[in-house]
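Encoded as structure tokens, the structure appears first; notes follow it.
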Amino acid sequence: MAWYDGAQPIRVEGGIKARTRRGSIGSTWWSRRFIDILERVCDKGRLSRGRAYARQGQVLSIDLAAGETRAAVQGSRRDPYEVVIRIEAYGEPRWAAVEEAIAAQAVHRAKLLAGEMPAEIEEVFAGLGIDLFPRELDMECSCPDWGFPCKHLSAVLYLLAESFDDDPFLVLAWRGRTREQLLGSLAEDPSGDALRVDDVPFADRPADFYAPGATAHRPERRPSAVTPDLLLRVFPPPAGLAEALEPAYRRLDDA
């Protein structure tokens, strides 16, 4: 049977408080995805007490790094409890594969470079046989409660979800890739030269001044032959001279 501390926690000044005062915590799809996993595998009673702790500001600090989150939570005892939550941080080979897969999808790449988290990114990870969000959490708390997770762990998990609302790149940083590392990699041109335009001095290409411009959507085409009838319609000759000038227009077309 789990040990349960029914005493009221020591009030904290300046603790980290959840923004939502009632109902669910987490407003974006990625934070709700994380919360859904927690609420599916964790004890609902302890999660409820954890939400109360998160809203009261009992969490003193949260430090997230690759594969590990450490936090301090003030309970009913004088010394805060130490909380550790671990997940697998992916190494360089896996992240290189993830970045290559993202770069191959122009929309995903553009959204991430714009600071957005595309919902399809989960599919990118799944396609490589790995998870974006953890299915299992290795969690520890220094409190004497034997339940899983205790209210101190639950409070930290809910505040983590809210921090994901503010910065979705924290989800990736927990997996081992910081925002700067990921965006720096995606900003690089995969081909090495596709975005580079050779600068040729205009003095070396004066003929370009008279050349028709090519569109970015289709190759430049030479204009088709102009029929004498079209020339007659566009540049009508004086009355009575059309028949006399038609041979001249034909010779112009053949030139």
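Just name the residue that is most open to solvent (accessible area, probe 1.4 Å) out of those in segment 38-63 that are in a helix (DSSP H, G or I) and over 19 Å from Arg22 (Cα atoms). Filtering segment 38-63 for residues that are in a helix (DSSP H, G or I) and over 19 Å from Arg22 (Cα atoms), the one most open to solvent (accessible area, probe 1.4 Å) comes out as Arg40.
Could you list, in sequence order, the residues of segment 109-130 that are assigned to a helix (DSSP H, G or I), open to solvent by less than 70 Å² (accessible area, probe 1.4 Å) and touching a residue at least 40 places away in the same chain (Cβ under 8 Å)? Residues satisfying the conditions are Arg109, Leu112, Glu122.
Ser76: open to solvent by 10 Å² or more (accessible area, probe 1.4 Å) and in a loop (DSSP other than H, G, I, E, B), yes or no? Judged against the criteria, Ser76 is a match. Of all residues in segment 161-171, one or more are free of Cβ contacts under 8 Å to residues at least 60 places away in the same chain, assigned to a helix (DSSP H, G or I) and under 21 Å from the mean Cα position of the chain (by Cα). Would a scan of segment 85-102 turn up a residue that is among the aliphatic types (A, V, I, L, M), without any contact (Cβ under 8 Å) to a residue 60 or more places away in the chain and touching a His at 6+ places or on another chain (Cβ under 9 Å)? Yes, there is a match, as at least one residue in segment 85-102 is among the aliphatic types (A, V, I, L, M), without any contact (Cβ under 8 Å) to a residue 60 or more places away in the chain and touching a His at 6+ places or on another chain (Cβ under 9 Å). Being over 13 Å from Leu160 (Cα atoms), among the hydrophobic types (A, V, I, L, M, F, W, C), open to solvent by less than 70 Å² (accessible area, probe 1.4 Å) and at pLDDT 95 or above is the requirement here; does Ala97 meet it? So Ala97 fits the description; yes.
From the set of residues in segment 131-148 that are in contact with a helix residue (DSSP H, G or I) (Cβ under 6 Å, 6 or more places away or on another chain) and over 17 Å from Leu172 (Cβ atoms), which is surrounded by the most Cβ atoms within 10 Å (Cβ to Cβ)? Ranking the qualifying residues of segment 131-148, first place goes to Cys141. Only one of Ala66, Ala89, Ala71 is at pLDDT 95 or above, touching a helix residue (DSSP H, G or I) at 6+ places or on another chain (Cβ under 8 Å) and open to solvent by less than 10 Å² (accessible area, probe 1.4 Å). Can you tell me which? It is Ala71.
Inclusion of Gly14 among residues that are in a loop (DSSP other than H, G, I, E, B) and crowded, with 18+ Cβ neighbours inside 10 Å is not warranted.
Return yes or no: is Trp146 of a type in the set (Phe, Trp, Tyr), closer than 24 Å to Leu38 by Cα and at pLDDT below 90?
yes
The values are calculated or read from the model by the stated rules, or taken from the named source; none is laboratory data. The structure displayed is predicted, hence computed values, not measured ones. In this analysis, Cβ positions are derived from the backbone assuming ideal geometry, glycine residues included, and neighbour counts consider all displayed protein chains. The protein model used for the area step is the full one, side chains on, heavy atoms only, and it has no ligands, DNA or RNA in it. Shrake-Rupley method; radii C 1.70, N 1.55, O 1.52, S 1.80 Å.
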